[in-house]
Amino acid sequence: MFLKIKVMKKFFIGVDVSKLKLDICLRLNDELTKELIIPNQLRAIKKFFSDLIKSSSATDYLICAEHTGQYTYPLACACAEMHIDLWLENPTEIKYSSGMQRGKNDKVDAQRIAAYAKRFEDRARLFSLPDEKIRILKQLISERDLYVNDKGKYQGQLTDQKHYMAKDDFKKKSARMAKLIRDLKNSIEQIEAQMESLLKEDPVLQRQFELLCSVDGIGNKTAIKMIVETNAFKDFKDPRKFCCHAGVAPFSHTSGSSQKSKNKVSHRADKSIKRLLHLAALSLITSKGELHDYYERKIKEGKNKMSVINAVRAKLVLRMFAVIKNNQPYQRNYQNLLA
């Protein structure tokens with residue numbers, strides 16, 4: 001979850017996060033006052049911050065780091081416990097704001113991050129840890145995707161090599177593969193059962209799950225992924241912004257005399273949710289229904305197929321946000337009472 005910064009800061013700390021260590025650069029206005037390296041462990045981070053704020057207040061500091069996934073978790077936990085403002089920024093934003101760069105090392109990266117925090121303090125969006133259930137759901141989704149990918153690879157081996165191996169060799173290999181596939185299926189089923197129980201423990205999450213599943217084309221996996229990606233629809237209020245996040249919002253590409261370029265989606269997007277939306281859109285346009293008729297009509301008008309599919313993906317996002325906002329299941333023949 002992200003919040004806007006309210007108090008102007010006195011100290012800016014740039015943190016370059018890696019798996020085992022944190023490179024830290026402390027900046028006071030335009031001067032570097034301290035540079036050091038500490039282990040990327042919760043205990044070491046808390047000790048560093050406690051020593052740092054003895055002679056000042058926690059509200060004087062703004063910690064800025066690149067959002068590098070799970071490696072930022074100890075830093076986020078330490079900042080939350082000690083009530084220090086943490087800004088996790090997209091690495092691309094920092095990279096392109098730093099001008100031309102030659103060479104790279106962790107110490108210089110920490111300096112650049114601290115300079116970025118000082119320069120763009122007014123843009124800071126403070127990070128706070130998501131709810132415990134959202135965090136666990138995110139971990140379970142990641143683990144399930146890992147098993148699903150492995151299962152697909154093993155099943156592909158059984159299909160592809162059946163006619164290209166000796167019969168006895170393939171029989172032995174298929175027996176080993178079948179055992180692995182069974183174990184993966186059991187693990188996937190256990191994870192999905194755990195996710196369902198987590199949703200049932202929280203009335204808000206369970207209600208959101210039911211509302212999302214009421215939308216045509218949205219299944220359990222997509223519904224849970226939407227809840228996790230939006231932090232139970234707290235981080236995203238505008239469906240158009242989520243379309244941009246998911247890579248289904250087209251952008252114009254025109255410059256000078258190049259005015260005939262088609263609008264294109266950006267590759268800077270969350271590909272995991274985009275893939276689920278794409279599969280949902282394909283299921284809708286290949287079965288009878290409102291969006292199937294929409295797809296056929298647009299194709300007859302001469303529209304590009306992928307552009308129409310992308311429009312269907314965007315429509316799905318709009319419908320999911322609508323059912324959450326209205327707190328009502330999706331209605332196929334909805335009529336606005338104010339019309």
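Some points to look at:
- Taken over the range 157-195, the criterion of being under 30 Å from the mean Cα position of the chain (by Cα) and touching a residue at least 12 places away in the same chain (Cβ under 8 Å) is satisfied by 180, 181, 184, 185, 187, 188, 191, 192, 194, 195.
- Residue in the range 202-219 that is exposed (fewer than 13 other Cβ atoms within 10 Å of the Cβ), farther than 20 Å from residue 310 by Cβ and not hydrophobic (A, V, I, L, M, F, W, C) present: yes
- Selection count, the range 211-243, where residues are small (Gly, Ala, Ser), under 16 Å from the mean Cα position of the chain (by Cα) and at negative phi: 1
- Residue 184, sole failed condition from (1) surrounded by 17 or more Cβ atoms within 10 Å (Cβ to Cβ); (2) not in a helix (DSSP H, G or I): (2)
- Elements of type helices (runs of 4 or more DSSP H) contained in the range 236-327, each with 2 or more residues being surrounded by 11 or more Cβ atoms within 10 Å (Cβ to Cβ), among the hydroxyl-bearing types (Ser, Thr, Tyr) and without any contact (Cβ under 8 Å) to a residue 60 or more places away in the chain: 290-300
Each row is one residue, and each column tells you yes or no for (1) more than 30 Å from residue 177 (Cα to Cα); (2) in a helix (DSSP H, G or I); (3) not hydroxyl-bearing (Ser, Thr, Tyr).
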site: 59; (1), (2), (3): yes, yes, no
site: 70; (1), (2), (3): yes, yes, yes
site: 76; (1), (2), (3): yes, yes, yes
site: 79; (1), (2), (3): yes, yes, yes
site: 92; (1), (2), (3): yes, yes, no
site: 109; (1), (2), (3): yes, yes, yes
site: 137; (1), (2), (3): no, yes, yes
site: 146; (1), (2), (3): no, yes, yes
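The rows are residues; the columns are (1) farther than 29 Å from residue 206 by Cα; (2) of a type in the set (S, T, N, Q); (3) outside the structural domain of residue 70 (by TED's automatic domain parsing).
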residue	(1), (2), (3)
138	no, no, yes
143	no, no, yes
155	yes, yes, yes
164	yes, no, yes
171	yes, no, yes
179	yes, no, yes
186	no, yes, yes
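- Selection status of residue 89, surrounded by 16 or more Cβ atoms within 10 Å (Cβ to Cβ) and touching a Pro at 6+ places or on another chain (Cβ under 8 Å): no
- Considering the conditions (1) at pLDDT 90 or above; (2) surrounded by fewer than 17 Cβ atoms within 10 Å (Cβ to Cβ), residue 117 is excluded by exactly one of them, (2).
- Only one entry in 142, 174 is within 30 Å of residue 81 (Cβ to Cβ), assigned to a helix (DSSP H, G or I) and small (Gly, Ala, Ser), namely 142.
The values are calculated or read from the model by the stated rules, or taken from the named source; none is laboratory data. Since the model is a prediction, treat every value here as computed from it, not as a measurement. Cβ atoms come from the backbone with ideal geometry, glycine included; neighbour counts cover every protein chain shown.
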